[in-house]
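The values are calculated or read from the model by the stated rules, or taken from the named source; none is laboratory data. Keep in mind that this is a model prediction, so the values were computed, not measured. Backbone-built Cβ (ideal geometry, glycine too); neighbour counts: all protein chains shown. Quick note on the areas: whole protein, heavy atoms, side chains included, nothing else; ligands and nucleic acids left out. Shrake-Rupley method; radii C 1.70, N 1.55, O 1.52, S 1.80 Å.
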Amino acid sequence: MLTLIVALIPSLGFMSANTVPRMGYTTTANRQSGLFLQVPVTLQIAFCIGTWILAGMIVSSFLALIHVPIGYDPSHLTVVRLGMTSNSLTVTIGGQHSSPEVAALEGFADQLRAIPGAKSASYATGVPFVEPAGTLEIQRIGGVSEAPRVISEIMASPNYLGSMGIRMLQGVRFSPHGIGEQEIILNQTLAKELWPGQNPTNQTVRLITPAFSGIHAHAENAIVVGVIEDLRLSGYAETPEPTIISSIRGMSFFDVYPMFVVNGSVSPETIKEVASKEATSLLPNYHVISVDSGRSQADASLGKEKQRTYFALAGGMIMAFVAYIGLYAALTYYVNTRRRELAVRICLGASPWTIRKIVLSRAAWCASAAVLMSLPLWPLLSHLSSSDYLGRLAWSTADALLMALTCVLLSVLVSLLPAMAAASVSPSEVLKEQ
């Protein structure tokens, strides 16, 4: 609203009958009115600088966000989510339902993997853009005794890492048939926390599962077989939490909403058709809830950031349009009201460059003054960049200065047309206008 009010001031000035230079009319008066019009134009450019600095921070933050490594490539992944039927869920709550066998879950994954175009498929409690719900406590064994700490847990098929395309940093993946001990893989954050500067593979830890749904808390030992890079399963903006991945081989558990990830070029429609058919035979108490493309989920996770970026760019474009249209109008007004003066200078031998320089320097002075006027906005923008209101933007004084200098350059470019008009003033035509 303030921008529009400031933008209207030059227009109101031009609408004033005693200040508007009419066609075929020349005056050397109205210097105060010219200054009156230049002041709001300078304010417009100052607000334009502040707007573009803010837009630049938002765009830079978005570009940095989409380049954050998330630990996997979602473009070729499809997520299949199952859910229990209402009757089965009722029986489960009553305690008369047996947990689905691990073999049934892996058999379902095998059927998904057999779809033409599918490279791999696996069961997991942690899939792209769905935050893992499981937590437990982990404690180092041996050496200095340490208190347990709460971590996130992903239970998955042995080929989960291959299906997701997760890169191993140390150690090996899960053994296809198990090694007789519970195998776990740590993410990089947890590995650095438990064994800073050391190799965590082949280390033994104690996993403490809290009491849940009538099941007493219990603890078991597990061996660390590998370390993977941090995963951002909930999206690009997620901060990686200490996480382990446990192999479901040899485990006994119950999952109300099992999830599967398919890697390949298969369409979600084809996967849904096969999944619905196989769920009937392998997991009869379940039905398909959703089949989502990893690429579409990735785009959806960036929806708010994209909207904010587009809004910032649109605001910057509107502010620039208002500011530089105002500057162009003010400079055109200046040239029209100084035609006699410019004609006299030309008669006295002033070169076209000298005449153009008068207008260019006026635009440069206006833009430079706008930069100085925008400086009080910089601490405010820096404060906003460190708050959650705008999503933790990155403030850079160098980038802000570059944006301000760009606005000055644009001001000079906008002044080229009025400057050319000033240099083309014909003294003979000015005399005819008198």
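What's the carbon and sulfur percent of segment 271-346's accessible surface, probe 1.4 angstrom, rounded to a whole number?
Numbers: 2400 of 3930 Å².
Of the solvent-accessible surface of segment 271-346, carbon and sulfur hold 61 percent.
Explain nothing, just the number: dipole magnitude of segment 177-298 about its Cα centre with +1 on each Lys and Arg Cβ and -1 on each Asp and Glu Cβ, in debye rounded to the nearest 20.
Working: 7 positive and 13 negative charges, 12 e Å.
About 60 debye.
Would you mind getting the accessible area per residue of segment 212-331, heavy atoms of the protein chains only, 1.4 Å probe, in Å²?
On the way: 6010 Å² over 120 residues.
Each residue of segment 212-331 exposes 50 Å² on average to a 1.4 Å probe.
Could you tell me the distance between the Cα centroids of segment 410-425 and segment 304-346, to the nearest Å?
About 12 Å separates the Cα centre of segment 410-425 from the one of segment 304-346.
Checking the cross-link filter: which aspartates and glutamates have an alpha carbon closer than 15 Å to that of Lys357, excluding same-chain neighbours under 8 positions apart?
Candidates past the 8-residue exclusion: Glu341.
Using a Cα-Cα cut-off of under 25 Å, which lysines could be cross-linked to Lys119, ignoring same-chain neighbours fewer than 8 residues away?
Lys272, Lys277
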